[in-house]
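I have placed the structure first, in the form of structure tokens, so that the comments after it can refer back to it.
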Amino acid sequence: MGCSSIIRCFFDYSTPKFLVIQSKKVGAINRLCQALVIAYIVGYVCILKKGYQDTDSVISSVTIKVKGLALTNTTDLGLRVWDEADYIVPPQEENSFFVLTNLNITPNQTQSQCAENPGPETSCVSDRDCKRGFHDSRRNGVQTGRCVNFSESEKTCEVFAWCPLEKNNNPPKPPMLADAENFTVLIKNNIRYPKFNFNKRNILPHVNSTYLSQCVFNRKTDPDCPIFRLGDIVSEANEDFQNMAVQGGVMGVHIRWDCDLDLSEKSCVPQYAFRRLDNKDPDSVAPGYNFRFSKYFKNADDQETRTLIKGYGIRFDVMVFGTAGKFNIIPTLLNIGAGLALLGLVNVVCDWITLTCMQKRHFYREQKYTYVNDYEMLSSDVP
């Protein structure tokens, strides 16, 4: 009997049977499910996500030019004017630029011997506390083996280094180059969507040289200008430029190109956004952004000297995002097919609700499934 049942199940065949249920509840559920699926296909897939389009990701290049002047008057440097050759370090970077806003200066350093800055490993009482030839990457030079006076009350090991040594001073406050807030930067961005052979740049066709020499980006009044005031970039990120300029930091300039190429080319324009990328908590370890660089000279005795600068500033990272879309029959057919498949699921959902949750579910089940036993019919036909 077991083998016979298995054989019969193997040779069973199911064919669809249409059962029309004239019920307001079942009909309302069916139409509601169909309406939800159609709204999803039309509203979300076609209109919001533009499922009828083929898409491509942006390829871009960015070039940058900063302009501005700052005036300082310090004990070490005296009265001095700073231009872009002084405060842009290094002169060229890929998709980013650094603007010097604050600095500690150690002038007239030469290769000579001097007392190391005080510290647990450099303080000494006699020459026996200093090891000749010892050096540490966290210190300033190579020990000579002598213990010398650092001040009237303290001795440290002598080192061969660039002397006088840099002092461990905090950055000046307010920042020395506070005028950097009014510097401007021209950001030139060229983009390409290779799949659609589409090219454009953020200097739009209606922008001419006269307009470019006068405009400054303003989200409300001049959103197409590619020249940005540094103070405006920082304020758009809800930050204070003068506070940020003391320790330095990192700002992100986001350029987004989302283009619908089924529309006019004029509708494809960049959208700018700005945000701070580094941790701005002043109590955190190693806050801000700084590094050291030096400028070398020869004195009257042909001796090499240098001015050491610990520079604090703001690095601006330019990041370009974007997606372009254009009508294509293949994604259109794929999304239509997916929509028709979802409509087919409506019948499955309605069948489950009808046969599981409705009061007359037993009656509906009896009407929906009819079993025809071909084997019994054959045996009844035999005399």
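Observations on the model:
- Residue order for SER151, SER264 - accessible surface, 1.4 angstrom probe, largest first: SER264, SER151
- Both radii were evaluated on the Cα set of the chain; the Rg over Rh quotient, with Rh as the Kirkwood radius, amounts to 1.31.
- To the nearest ten degrees, helix 24-39 and the longest principal axis of the Cα atoms of the chain are 40 degrees apart.
- P(r) tail fraction, segment 38-81 - alpha-carbon pairs more than 16 Å apart, %: 70 percent
- Summing Cβ point charges (Lys, Arg +1; Asp, Glu -1) relative to the Cα centre of the chain gives a dipole of roughly 1220 debye.
- For the chain, a Gaussian network of Cα nodes joined below 10 Å ranks PHE363, PHE316, PHE134 by mean-square fluctuation, and the top entry is PHE363.
- For segment 56-154, the fraction of alpha-carbon pairs lying more than 24 Å apart is 54 percent, rounded to a whole number.
- Cross-link check: pairs LYS49/LYS195; LYS195/LYS220; LYS200/LYS280 evaluated at a Cα-Cα cut-off of 24 Å; pairs beyond the cut-off: LYS195/LYS220; LYS200/LYS280.
- Within a straight-line Cα-Cα reach of under 21 Å, LYS167 can be paired with the following lysines, leaving aside sequence neighbours fewer than 8 residues apart in one chain: LYS155, LYS295, LYS310.
- The alpha-carbon of LYS24 sits under 28 angstrom from the alpha-carbons of these lysines, leaving out residues fewer than 8 places away in its chain: LYS360, LYS368.
- Contact order normalised by residue count of the chain, Cα under 8 Å, 6+ apart, percent: 21 percent
The values are calculated or read from the model by the stated rules, or taken from the named source; none is laboratory data. Bear in mind that the values here come from a model prediction, so they are computed numbers and not experimental data. Every residue, glycine as well, gets a Cβ built from its backbone with ideal geometry; the counts of neighbours run over all protein chains shown. SASA here: full protein model, heavy atoms, side chains in, ligands and nucleic acids out. Shrake-Rupley method; radii C 1.70, N 1.55, O 1.52, S 1.80 Å.
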